[in-house]
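Undergrad: This is the structure I want to talk about, given as C-alpha cells.
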C-alpha cells in the first residue's frame, strides 16, 4: 500500500476532530485527578482514623489494577442502573486512575516542606486552613509541577485506551476511517504524528517548568 496525499488531506479534518476530543478528555480528566489527588494526599497526611487508611487502600488498589480493567468495571454500570455517556465514563476513569498517582506526588511535595515552616505556623498560631493554603501547599506544589506535567502527557497518550469503550477520540477515529475505506496507512500514520506533535510540544513546556521550579541541589 502506498501513501495517498489526497486521501490524507481528505481525512485530516476528521482526525483533528478526534484529536480535539482527546484533548478535552485529557484536560477534564487531569483536572479531576489534580483535585481528587490533593484531597487524598492531605487526608492521608493528617492520619485521620478510618478515613486515611481507606484512602491508603484506594491508592494501592487503583495503582495495583490495570486501567483497562477499571475502565470496563465502570463501563458495565448501566447494567446496574447507572447510566453514563462513554465520554463521561472515560473522563471519570482516567481522572480517578491518575488521582492515585497525583496523590503520591502531592504527598512527596508536602513531606518535602521544611519542618521549620510547620513550626513557624504553630508559633504564629495560624489557623490550620491558612497553614495549608498560604504556607504548605504553595511550597509543595511549586516543586512538583514538572512531575504533574509529565503525568499530563502520559494521560494524553493513555486516553487512546478509551477506544475500547467506543469513545470517538483520535485512535477510534483513525480506526473507523481505516475500516470504512480499507486504508489504514494514512489514518494511523497521521494519528501517530498528531500524538507525537502534542506530546513533544507539551514535553518542551514541562522542561521549561522543570528548569524554573525544580529545586536546586
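Undergrad: Fully extended, how many nm does the chain gain between residue 77 and residue 61 (0.36 nm per residue separation, minus their Cα-Cα distance)? If you can, show how the numbers build up before the last one.
TA: Values: separation 16, 0.36 × 16 = 5.76 nm, distance 1.90 nm.
3.9 nm is the gain from fully extending residue 77 to residue 61.
Undergrad: Quick check on the exposure proxy: order 132, 20 from fewest to most C-beta atoms within 10 angstrom. Walk me through the intermediate numbers first.
TA: Numbers: 132 18, 20 12.
By the 10 Å Cβ count, ascending, the order reads 20, 132.
Undergrad: Highest first, please rank the peptides 137-149, 164-176, 104-116 by the mean number of other Cβ atoms sitting within 10 Å of their residues.
TA: The peptides rank, most packed first, as 164-176, 137-149, 104-116.
Undergrad: Could you list the square roots of 5 times each eigenvalue of the Cα gyration tensor of region 124-217, that is, the equivalent ellipsoid semi-axes, sorted largest first and rounded to whole Å?
TA: Values: eigenvalues 343, 55, 8 Å².
Values for region 124-217, descending: 41, 17, 6 Å.
Undergrad: What share of all Cα pairs of the chain, in percent, falls into each consecutive 10 Å distance bin?
TA: All Cα pairs considered, the percentages come to 8, 27, 29, 20, 11, 4, 1, 0.
Undergrad: Right, another one. When only alpha-carbon atoms are used, what values of Rg and Dmax, in angstrom, describe region 1-62?
TA: 21.2, 64
Undergrad: How far is helix 5-46 tilted, in degrees, relative to the longest principal axis of the Cα atoms in the chain, given as a value from 0 to 90 rounded to the nearest 10?
TA: The angle comes out at about 20 degrees.
Undergrad: Using Cα centres only, tell me the gap between region 16-34 and region 167-195 in whole Å.
TA: Distance between centres, Cα-based: 18 Å.
Undergrad: What is the order of 131, 201, fewest Cβ neighbours within 10 Å to most?
TA: Details: 131 17, 201 11.
Fewest-to-most Cβ neighbours within 10 Å comes out as 201, 131.
Undergrad: Also: Fewest to most neighbouring Cβ within 10 Å: what's the order for 94, 19, 88, 124? Spell out each step's value before the answer.
TA: On the way: 94 26, 19 19, 88 14, 124 10.
Exposure proxy ranking, most exposed first: 124, 88, 19, 94.
Undergrad: Considering Cα pairs under 8 angstrom that are at least six residues apart, work out the relative contact order of region 15-163 and quote it in whole percent.
TA: Numbers: 130 pairs, mean separation 52.1, N = 149.
With pairs under 8 Å counted, the relative contact order is 35 percent.
Undergrad: With a ≥ b ≥ c the root eigenvalues of the C-alpha gyration tensor of region 57-107, is it rounded (a/c under 1.5), prolate (a/b larger than b/c) or oblate? Working shown, then result.
TA: Values: a/c = 2.71, a/b = 1.98, b/c = 1.37.
Taking the square roots of the gyration eigenvalues as a ≥ b ≥ c, region 57-107 is prolate.
Undergrad: What do you get for the angle between helix 86-111 and the principal long axis of the chain? Use alpha-carbon atoms, 0 to 90 degrees, nearest ten.
TA: It is inclined by approximately 30 degrees.
Only the coordinates and a few stated rules stand behind these numbers; no lab work does. No experiment lies behind these values; they were computed from the predicted model shown. Here the Cβ is made from the backbone with ideal geometry for all residues, glycine too, and neighbour counts use every protein chain on show.
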